[in-house]
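Step one of this worksheet: look at the structure below.
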């Protein structure tokens with residue numbers, strides 16, 4: 001099955017500028033063929049943004065599988081004193097995310113290539129993702145397993161999934177890896193799941 005968590009540089013390009021409206025702010029985003037949800041910010045990403053914005057930490061944040069950048073850029077604009085790193089494996093998405101960070105005046109954003117955490121060299125207070133479920137369960141579970149290593153003690157990992165697209169197995173995987181998971185929000189078949197890296201686990 002075709003999916004977006006892959007290099008899309010050979011896909012025919014047709015850039016488009018879309019507007020995204022939130023109760024607190026309006027954003028502009030360049031999108032293109034070969035990136036996820038190119039016509040509008042999908043409901044899952046919106047739910048993750050609306051939920052996570054009330055829990056933004058005092059520390060560096062990472063958006064994994066950022067696509068053209070809506071999650072990371074919206075949150076970075078709300079928390080301009082904190083650093084936001086955004087990574088993807090899709091070259092076109094990376095270019096668009098960097099362009100959109102500039103377009104929306106987010107000077108606290110850094111966008112770069114990374115296959116999950118392969119190029120990550122620091123730790124974060126928050127890691128979040130609308131994961132590429134079509135790339136396969138193994139990718140989602142690898143993201144969950146690896147995220148713990150890149151969190152500071154008491155750092156949190158956030159993920160949005162549909163109940164019909166593996167939310168139950170991801171929830172169990174988060175319990176297996178972190179020892180805890182909370183359903184922070186639930187709407188229209190989507191769940192926002194959050195796990196915390198406790199000090200006891202971090203020092204084990």
Here the residues within the range 162-178 that are loosely packed, with under 15 Cβ neighbours inside 10 Å and either at pLDDT 95 or above or assigned to a helix (DSSP H, G or I) (or both) are 163, 164, 168, 169, 172, 175, 176
Residues (out of contact with any strand residue (DSSP E or B) (no Cβ under 7 Å at 6 or more places or on another chain) and over 26 Å from residue 134 (Cα atoms)) located in the range 10-41:
21, 22, 23, 24, 25
Which condition breaks for residue 131 when tested against (1) closer than 21 Å to residue 46 by Cβ; (2) in contact with a helix residue (DSSP H, G or I) (Cβ under 6 Å, 6 or more places away or on another chain); (3) modelled with pLDDT of 95 or more?
(3)
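Going through 144, 192, 120 one at a time, which residue ends up being assigned to a strand (DSSP E or B), touching a helix residue (DSSP H, G or I) at 6+ places or on another chain (Cβ under 9 Å) and touching a residue at least 24 places away in the same chain (Cβ under 8 Å)?
192
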Residue 159 passes all but one of the listed conditions (1) within 14 Å of the chain's Cα centre (by Cα); (2) assigned to a helix (DSSP H, G or I); (3) at pLDDT 95 or above; the exception is number (2)
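The values are calculated or read from the model by the stated rules, or taken from the named source; none is laboratory data. What you see is a predicted model, and the numbers here were worked out from it, not measured in a lab. Don't worry about glycine lacking a Cβ; one is built from the backbone with ideal geometry, like all the others, and counts go over all protein chains shown.
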